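Visitor: Okay, handing you the structure first.
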Amino acid sequence: LDIVAAIDVGGTKTRVEVYSEDSDQVEDHQALESVVFPTPRSDGIAAVLAQQITNLTQLAKGTKVKAVGVGAPGPLDPRKGVVLNPPNLPICWHGLPLKDELEKRLEAPVALENDCNLGALGESVFGNGKGRASVLYITVSTGIGAGLVIEGDIFGGARGFAGELGHVKVADGPLCGCGRNGCLEALASGSAIARRAIERGWTVTDGTVTSKAVAEAASQGEAIPKSVLSEAAAHLGDALVSFVYAFDPSVVLLGGGVSQSDLFLELVRESARREPTMPAFEGFEILRAGLGERSVVHGAHELARTMNNIHLDSI
Ligand SMILES: [Zn+2]
């Protein structure tokens, strides 16, 4: 049994899955085996990841690992397969030549890609973007990331960095982690929502203020959470209209933890509809991503399965 493996490296946890290479099983996209563990925070990262793949391959009674797809937080260099300096990963990841190190250990080709791009790819092949010519995937969680898939291919830009839509400036707003003021991420991400609620004096009786707590309180009609969530959704809705103007995607899919709130999704749609929109663009679709927290790993699976579908300008 030949195996393809998929890895989703997250800020706190990492998911590894193995699949049969057998095309009959691609349709139901069930992993043969999978594991979730804390993202390595010290040296020896490639050894840990390779060992997990080897373990899962044995569990699945697989013989050979044919290919591995890896999604990790950007910025990263997909051509060289090197993680650059992602703010969401510990310093031991910075500059890590993950592709080379995994290839050496597993003796199989490895492809590394930005996690948001793989989220878009996963959704376009297996999720709510299935059958659509182009998919704009936007993930709203701690930060805001995005990926664009056109006719089955990731749009990576000249160096693989395209799609940083969380850092598009949308207002004269608060300072963003990237150094600019008023980025979409600084106004509509999960951390922005929590911070804004705290600034307005909102508290929870037990635990800390999170975007999830804000969204839940908002859906129960509490005034401060509702206005905070509405403001964030209004910024995102405005921005989505601009993104639709830029890319004219077949569908916009919202993923990430914050988008799991029905109220948030509805408020974003309302905001986008409220914007005066050029008539030709009216009626564009905003849906929730369909694969939940497995969008990225499914993209990594597809990357492993196809191995050469990233289009970058050649130098
Ligand atoms: Zn920014």
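The values are calculated or read from the model by the stated rules, or taken from the named source; none is laboratory data. The shown structure was predicted, so the numbers you read here are calculated from the model rather than taken from an experiment. FYI the Cβ positions are ideal-geometry reconstructions off the backbone, even for glycines, and counts take in every protein chain you see. Ligands, DNA and RNA are stripped out before the accessible areas are found, and what is left, the full protein with its side chains, is counted by its heavy atoms. Shrake-Rupley method; radii C 1.70, N 1.55, O 1.52, S 1.80 Å.
Visitor: Residues of region 218-249 being surrounded by fewer than 17 Cβ atoms within 10 Å (Cβ to Cβ) and assigned to a loop (DSSP other than H, G, I, E, B), which ones?
Guide: Q220, G221, E222, D248 - these are the residues of region 218-249 that are surrounded by fewer than 17 Cβ atoms within 10 Å (Cβ to Cβ) and assigned to a loop (DSSP other than H, G, I, E, B).
Visitor: Go through region 12-24 and give me each residue that's open to solvent by 30 Å² or more (accessible area, probe 1.4 Å) and in contact (Cβ under 8 Å) with a residue 12 or more places away in the chain.
Guide: Scanning region 12-24 gives T12, K13, R15, E21, D22.
Visitor: Of everything in region 80-95, what is open to solvent by 30 Å² or more (accessible area, probe 1.4 Å) and either modelled with pLDDT under 95 or in contact with a His (Cβ under 9 Å, 6 or more places away or on another chain) (or both)? Give them in sequence order.
Guide: L84, N85, P87, N88, listed by residue number.
Visitor: Among the residues of region 227-248, count how many are among the charged types (D, E, K, R) and farther than 19 Å from G283 by Cα.
Guide: Result for region 227-248: 1.
Visitor: Condition (residue is hydrophobic (A, V, I, L, M, F, W, C), within 27 Å of F161 (Cβ to Cβ) and modelled with pLDDT under 95) applied to region 13-24: is it met by at least one residue?
Guide: Taking region 13-24 first, the residues hydrophobic (A, V, I, L, M, F, W, C) are 16, 18.
Narrowing further to those that are within 27 Å of F161 (Cβ to Cβ): 16.
Filter again for modelled with pLDDT under 95, leaving none.
No: zero hits.
Visitor: In region 96-112, what residues are farther than 17 Å from G156 by Cα and either open to solvent by 50 Å² or more (accessible area, probe 1.4 Å) or not in a loop (DSSP other than H, G, I, E, B) (or both)?
Guide: Answer for region 96-112, where residues must be farther than 17 Å from G156 by Cα and either open to solvent by 50 Å² or more (accessible area, probe 1.4 Å) or not in a loop (DSSP other than H, G, I, E, B) (or both): L98, K99, D100, E101, L102, E103, K104, R105, L106, E107, P109, V110.
Visitor: Quick check on region 158-182: of everything there that is at positive phi and touching a residue at least 40 places away in the same chain (Cβ under 8 Å), which residue is most open to solvent (accessible area, probe 1.4 Å)?
Guide: G163
Visitor: Right, K130: at negative phi, assigned to a helix (DSSP H, G or I) and open to solvent by 50 Å² or more (accessible area, probe 1.4 Å) or not?
Guide: No, not satisfied.
Visitor: Let me ask you something else. Condition first: within 16 Å of the ligand (Cβ to nearest atom) and in a helix (DSSP H, G or I). Can you find one or more residues in region 167-182 that meet it?
Guide: Checking region 167-182: at least one residue is within 16 Å of the ligand (Cβ to nearest atom) and in a helix (DSSP H, G or I).
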